[in-house]
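To start, the structure under review is shown below, and the notes come after it.
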């Protein structure tokens, strides 16, 4: 193997060759192709791969690939690259260019494992009729090359952190089962699910937000959780070290910094790509005793400022203005809201959308802490009279896919931002109370009359969103076995009284009497949410509805035109949002 000195000079010559080919002027994943190729070579170097493997990494997409379609060097000029990096390395570059990634990993994961001197025949991604004979050794090396490539470029614009650990974990288990010798950092990678990775992102980003808000003590809880639950990457340890250093606890700060730097160097590329590898390493070196301002200077690549949360300016859109902007001063909840947005943008999952960070959780709440509940009880007689007078045509069977026996009908006042004017006009007292108070009328909330027929049972179920609580005002409650269970507690309704509960806990409802049960259901904001957060959630909901209506209209027009011309339609995934 080449000596370290010859490696450095060789690497420099290869980088010069890439620049001669124009790789520094080609865009790739938000930067230049040259930067990406050098980054992959750095990962393979950190993984202590042999020189021909590192050289293949530096040129792996030079011919183009299944997903990157620019050929910096035409594939018919293979002899030119062979003369520069050698035939073995160029062979890997060629295979990386022509073979689909799925076929490579399918061969790598085959059972029984493919021996090093066995061969598989894999189709090319451009023309499946063309088959390439690939050895077991080449397949293992291609799998590692794909993993290095994935790691190096995995980054989300909103956070600088991509999702790749769970995918890497799956590949590592397959390669380990095949007897593949793995780099140390990969060999130590435990079983990581996508949910584990989402939790890591959430804990880390919340900890970072609290550091930015000058709350290192609060940040410790989140960052320590990130390290404890998924301690396979270095940046959570380095941010934990920053938190300890800001609190003056030097020994745990240095321990965390050493652990973080070792993991970072083992991967060869940052997990949190808002900072470069050099800057993360510099941060680790500063933990031991450099001035705090030097630490903040490094973290400027992540934080726009290390000052506490900045004011949020909001201009009233679509309303008359007196000429001056409405400015909201810094408030509790601003950092938490931005942490929530970061989670949504990085995870792109239903869970991230529905689950708001940092909210308390218990099954039952005291109705007296909610002003709307007090007024509903005070105006009970009028509300009940209005409800009993609502025309039967406004009721329909509850449409949610929740198991039941019997009949459970609803009559909507508000349904996730849509107001039922006809019902509100029939119930003016009820509607006025709802509009006066902080019920959830425009976001992920419902307000409706809930009518449960005799001998009806609604099976156990639970909601997915924690931003709201559910309030029931008992309107017409039969005597006998008619109740609701939330968690482990069973409550009966009382006419004229409210109950408030968190429906993210499992709950079920039954009416085993011979009479009908009627309640008014009102969704309330979770009491831990600030007015700023509630307003922001409402604004997001309005924007989502507006954009969805525009997108839906465009899709419908395009579908209509394609159908009119007899052209192929667009296949929509069963679940677009995962």
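A few notes on this one:
- Residue 217 surrounded by fewer than 23 Cβ atoms within 10 Å (Cβ to Cβ) and touching a helix residue (DSSP H, G or I) at 6+ places or on another chain (Cβ under 6 Å): no
- Against the test of being modelled with pLDDT of 90 or more, in contact with a helix residue (DSSP H, G or I) (Cβ under 6 Å, 6 or more places away or on another chain) and assigned by TED's automatic domain parsing to the domain that holds residue 424, the options 482, 498 yield a single qualifying residue, 498.
- Flag for residue 424 being touching a strand residue (DSSP E or B) at 6+ places or on another chain (Cβ under 9 Å) and surrounded by fewer than 20 Cβ atoms within 10 Å (Cβ to Cβ): yes
- Hits in segment 112-135 - residues which are part of a loop (DSSP other than H, G, I, E, B) and either in contact (Cβ under 8 Å) with a residue 40 or more places away in the chain or surrounded by 17 or more Cβ atoms within 10 Å (Cβ to Cβ) (or both): 113, 114, 124, 125
- Unique match (being farther than 30 Å from residue 128 by Cα, free of Cβ contacts under 8 Å to residues at least 60 places away in the same chain and not assigned by TED's automatic domain parsing to the domain that holds residue 269) among 13, 89: 13
- Only one entry of 242, 233, 208 meets the criterion of being over 18 Å from residue 39 (Cβ atoms) and touching a residue at least 60 places away in the same chain (Cβ under 8 Å), and that entry is 208.
- Of the residues screened, residue 533 is one that is modelled with pLDDT under 90 and in contact with a helix residue (DSSP H, G or I) (Cβ under 6 Å, 6 or more places away or on another chain).
Residues are listed down the side, and each one gets a yes or a no for (1) at pLDDT 90 or above; (2) assigned by TED's automatic domain parsing to the domain that holds residue 38; (3) in contact with a helix residue (DSSP H, G or I) (Cβ under 9 Å, 6 or more places away or on another chain):
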| position | (1), (2), (3) |
| --- | --- |
| 104 | no, yes, yes |
| 121 | no, yes, no |
| 129 | no, yes, no |
| 137 | no, yes, no |
| 140 | no, yes, yes |
| 151 | yes, yes, yes |
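- Hits in segment 393-419 - residues which are assigned to a helix (DSSP H, G or I) and touching a strand residue (DSSP E or B) at 6+ places or on another chain (Cβ under 9 Å): 394
- Residues that are assigned to a helix (DSSP H, G or I) and closer than 19 Å to residue 28 by Cβ, drawn from segment 144-157: 145, 146, 147, 148, 149, 150, 151, 152, 153
- Within segment 437-462, considering residues that are modelled with pLDDT of 85 or more and surrounded by fewer than 18 Cβ atoms within 10 Å (Cβ to Cβ), the one nearest to residue 518 (Cα to Cα): 453
The values are calculated or read from the model by the stated rules, or taken from the named source; none is laboratory data. None of the values given here were measured: they were computed from a predicted structure. For neighbour counting, all protein chains shown are included, and Cβ atoms are generated from backbone atoms with ideal geometry for every residue, glycine included.
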